[in-house]
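I have placed the structure first, in the form of C-alpha cells, so that the comments after it can refer back to it.
The values are calculated or read from the model by the stated rules, or taken from the named source; none is laboratory data. Everything numeric in this text was worked out from a predicted model, so none of it was measured. All Cβ positions, glycine included, derive from the backbone under ideal geometry; neighbour counts span all protein chains shown. Accessible surface is based on the protein model in full, side chains and every heavy atom, while ligands, DNA and RNA are left aside. Shrake-Rupley method; radii C 1.70, N 1.55, O 1.52, S 1.80 Å.
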Amino acid sequence: MTKRIRLGVNIDHVATIRNARGGTHPDPVRAAQLAAHAGADGITTHLREDRRHISDDDLVNLEKGITLPLNLEMAATEEMLEIALQHRPHAVCLVPEKREEQTTEGGLDAAGQIDSLKPIVAKLLAAGIRVSLFIEPDETQIRAAKALNVPVIELHTGHYANSVNEELAAELIRIEQAAKLAKSLNIEVHAGHGLTYENVIPIAALEEIAELNIGHFLIGEAIFIGLEASIKRMRYLMDAARAEDKVDFLVKHIAL
Ligand SMILES: CC(=O)[C@@H](O)[C@H](O)COP(=O)(O)O
Ligand SMILES: NCC(=O)COP(=O)(O)O
C-alpha cells in the first residue's frame, strides 16, 4: 500500500445542529472524541467571524477535550490572529470568509494579499503553529504560498465537488497538476471542501496529497449511520484509493 493519506474531521456542523436550539447538545467535543475513536488523524474546526457554528468556548473545550492535533480554520484578521496566538493550536488554516456566504465559496486570494498576509503568517509560524493556506488549485496561488513561506496548502475541492462530466474531469486534472506543482516546491498538500463518499476516491488517489479535511458530509451521514460508522466508511474509501492491489484490498475487507 502506498503512503497512507490522513483524515482531518471537521466538526463545525455538529455545532450548527446544537445552535439550532441554543443549548449544549450535540457537543462538538464529544463528536471530536468519537472521530478520534473512529480513526481520524486530526480535528478541523472553523471559528468564523460570525460564530455561526463553532464558538470561542468550543475552541477552549476542544483544546481541553481532545488529544488529536487541532487544525483551526480562520480568516486572516487581527481578531483571529490574536485568538490563534492565545490558543496556539497545532495548525492554522487561513481561509477566505464573507458573512453573506452560505459556505466557503472559493480559495484565499493569497497572490492578491501577499503584503497583508506576510505578517500574519510570520507571527503564526514564530509561535510554532503550522500554517496552511486554503487556496484554489492554481499556479499563481501556489507560488504565492511559496513566497509566503507556508509549509502547507489546502486545495479547495469545492468546484470539483460541484461539477459533473467534463467539468469534473477538468477540475480533477487541475487539482492533480496543482498538487504536483506544490509538492515540487516542497509544500505539503492537503485538500478539502465538499468531499463525499461519491467523489473522494479520485482525490484520495492523488499521491501528492497528504491529508483530506472532510466535515459537512460526514456529519450529515452520521444522522443516518452514526458518526463512527460515517468516518470509518470514509477511511475505508481513502485506503481503497491508495491500495496498490485493489482486488487484494477489497477481498481482505470483505473477509473482515
Ligand atoms: C474552508 C472550508 O472549506 C471549510 O472547512 C469551512 O469550514 C467551510 O465553512 P462552513 O463549515 O461554515 O461551511
Ligand atoms: N477545509 C475543508 C473542511 O474542513 C471541511 O469541508 P466540508 O467537508 O465541510 O465541505
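Couple of notes before you dig in:
- All of Thr77, Thr16, Thr45 fail the test of being in contact with a helix residue (DSSP H, G or I) (Cβ under 9 Å, 6 or more places away or on another chain) and more than 16 Å from ligand 2 (Cβ to nearest atom), apart from Thr77.
- In the set (1) touching a strand residue (DSSP E or B) at 6+ places or on another chain (Cβ under 8 Å); (2) part of a helix (DSSP H, G or I), Leu85 fails one condition alone, (1).
- Unmet requirement for Ala182, which otherwise passes all of (1) open to solvent by less than 10 Å² (accessible area, probe 1.4 Å); (2) within 16 Å of ligand 1 (Cβ to nearest atom); (3) touching a helix residue (DSSP H, G or I) at 6+ places or on another chain (Cβ under 6 Å): (2)
- Qualifying residue in the range 24-40 (condition: modelled with pLDDT of 95 or more, in contact with a Lys or Arg (Cβ under 7 Å, 6 or more places away or on another chain) and closer than 18 Å to Val200 by Cβ): yes
- Spans of helices (runs of 4 or more DSSP H) in the range 1-72 with at least 1 residues surrounded by fewer than 20 Cβ atoms within 10 Å (Cβ to Cβ) and within 13 Å of ligand 1 (Cβ to nearest atom): 12-19
- Residue in the range 98-113 that is within 25 Å of Gln33 (Cβ to Cβ), at pLDDT 95 or above and open to solvent by 30 Å² or more (accessible area, probe 1.4 Å) present: no
- First in the range 201-216 and farther than 28 Å from Pro28 by Cβ, second anywhere and at pLDDT below 95 and part of a loop (DSSP other than H, G, I, E, B), Cβ under 9 Å, 6 or more apart: Glu207/Thr2; Glu207/Lys3
- Residue within the range 244-254 that is among the charged types (D, E, K, R) and either in contact with a His (Cβ under 8 Å, 6 or more places away or on another chain) or open to solvent by less than 60 Å² (accessible area, probe 1.4 Å) (or both) present: no
- Only one entry in Phe224, Phe217 is within 16 Å of ligand 1 (Cβ to nearest atom), surrounded by fewer than 21 Cβ atoms within 10 Å (Cβ to Cβ) and of a type outside the set (Val, Ile, Thr), namely Phe217.
- Residues in the range 151-170 that are of a type in the set (A, V, I, L, M, F, W, C), without any contact (Cβ under 8 Å) to a residue 40 or more places away in the chain and more than 15 Å from Asp138 (Cβ to Cβ): Ala161, Val164, Leu168, Ala169.
- Filter result for Val121 (surrounded by fewer than 20 Cβ atoms within 10 Å (Cβ to Cβ) and of a type in the set (Val, Ile, Thr)): no
- Top-ranked residue in the range 185-209 [being of a type in the set (A, V, I, L, M) and open to solvent by 30 Å² or more (accessible area, probe 1.4 Å); ranked as farthest from Val9 (Cα to Cα)]: Leu185
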